Amino acid sequence: MNGLPTAPAPASLRYGYGTNGLTDLRLDDALALLADLGYDGVGLTLDHMHLDPLAPDLAARTARVARRLGALGLGVTVETGARYVLDPRRKHGPSLLDPDPDDRAVRVRLLVTAVRAAADLGAHAVHCFSGTAPPGTDPDTAWKRLAEALGPVVEAAGAAGVPLAIEPEPGHLLATLDDFHRLRAALGDPAPLGLTLDIGHCQCLEPLSPAACVRAAAPWLRHVQIEDMRRGVHEHLPFGDGEIDFPPVLDALASTGYRGLTVVELPRHSHAGPELARSSLAFLRSRTPEGDPAA
């Protein structure tokens, strides 16, 4: 041994597709479609049309989905970005940043439920986001609320052995990689807290290129979402409709040793979900580094 640090072994990229882009399909049909197309896994959004986190018998329904995933050979990440699962009148409400602590507690309970469901599914991570600060909220107060609200969720994730992967989201309090590090420091750098990196969001607003964002985020990377996007415009686009140069991004993911799912995120394209699932996987495979079995 020469005592020098070694680079992570290149990882085989594992592709998934988000159920938030297949909302016109029954969950069983969506999972069968992805398996037939050759996907490695699925980003499963807990929502009323698929796996409803608020309906009765969640444990039994989750066990059935786990068996279905196992039979199809699909990995899974649990995502929590359903727009109206808690409040039918307010998108993503209530949030972790709401003034009323009882409202914040509703979101916390959903995230803890997601952690438990993820453990039962054998998921490799649970995704979440900060939400937007209500008008008139000063930043220090918003950051304090976020850290306090996520405390019990991080604790639950640690107990369940499932990483909590928070996503920087344009327009949210936690919008950038720098914001992730601010939260990580505020919580004392807990081991269960990781990062969801959305490649399109990197193109949208980060100062680094998407490939450079992957390398910078690598130590904390627990989940990846991917789609095309344009600079300064937060619009999830099918591959080829935006500005991202994907081969360097996929090479960075492989070379940093990331072993989770890389999930196509097209939540506003369910009307064309089956066809986009097919074409997206073909696009990604055609740009996957040579020598990677995913190609």
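No value in this document is a laboratory result; all are computed from the given coordinates. Note that the structure is predicted; figures quoted are calculated from it, not measured. Methodologically, a virtual Cβ is constructed for each residue, glycine included, from the backbone with ideal geometry; neighbour enumeration extends over all protein chains shown.
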Item to complete: List the trypsin sites (Lys or Arg not before Pro) within region 206-260 that fall in a DSSP loop (any state other than H, G, I, E or B) and whose Cβ has at most 12 other Cβ atoms within 10 Å.
Response: 231
Item to complete: For every other residue with a beta carbon closer than 15 angstrom to the beta carbon of residue 208, add +1 if it is Lys or Arg and -1 if Asp or Glu, then tell me the sum.
Response: -4
Practice prompt. Find the cysteines in the chain that fail to meet the 4.7 Å Cβ criterion with every other cysteine, and list them.
Written response: 128, 204
Practice prompt. Quick one: which residues, 5+ away or cross-chain, put their amide H under 5 Å from the amide H of residue 129? H built at 1.01 Å from N.
Written response: 167
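Between rounded, prolate and oblate, where does the chain land on the alpha carbon gyration tensor, with a ≥ b ≥ c its root eigenvalues, rounded for a/c under 1.5, else prolate if a/b exceeds b/c?
Judged from the Cα gyration tensor, the chain comes out rounded (a/c under 1.5).
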Worksheet item: Separation between the residue 144 and residue 189 pseudo-spin-labels, each 7 Å from Cα along Cα→Cβ, expressed in nm?
Response: 2.5 nm
Practice prompt. Find, among the GluC sites (Glu not before Pro) in region 256-295, those assigned to loop by DSSP (not H, G, I, E, B) with at most 14 other beta-carbon atoms within 10 angstrom.
Written response: 290
Worksheet item: Separation of region 165-198 and region 25-44 by C-alpha centroid, Å?
Response: 29 Å
Worksheet item: Distance from the Cα centre of region 248-295 to that of region 74-153, in angstrom?
Response: 27 Å
Response to the item:
Note, residue 293: beta-carbon cut-off 14 Å, +1 each Lys/Arg, -1 each Asp/Glu, net 0
Item to complete: Compute the signed sum of charges (Lys and Arg +1, Asp and Glu -1) over the other residues within less than 11 Å, Cβ to Cβ, of residue 127.
Response: -4
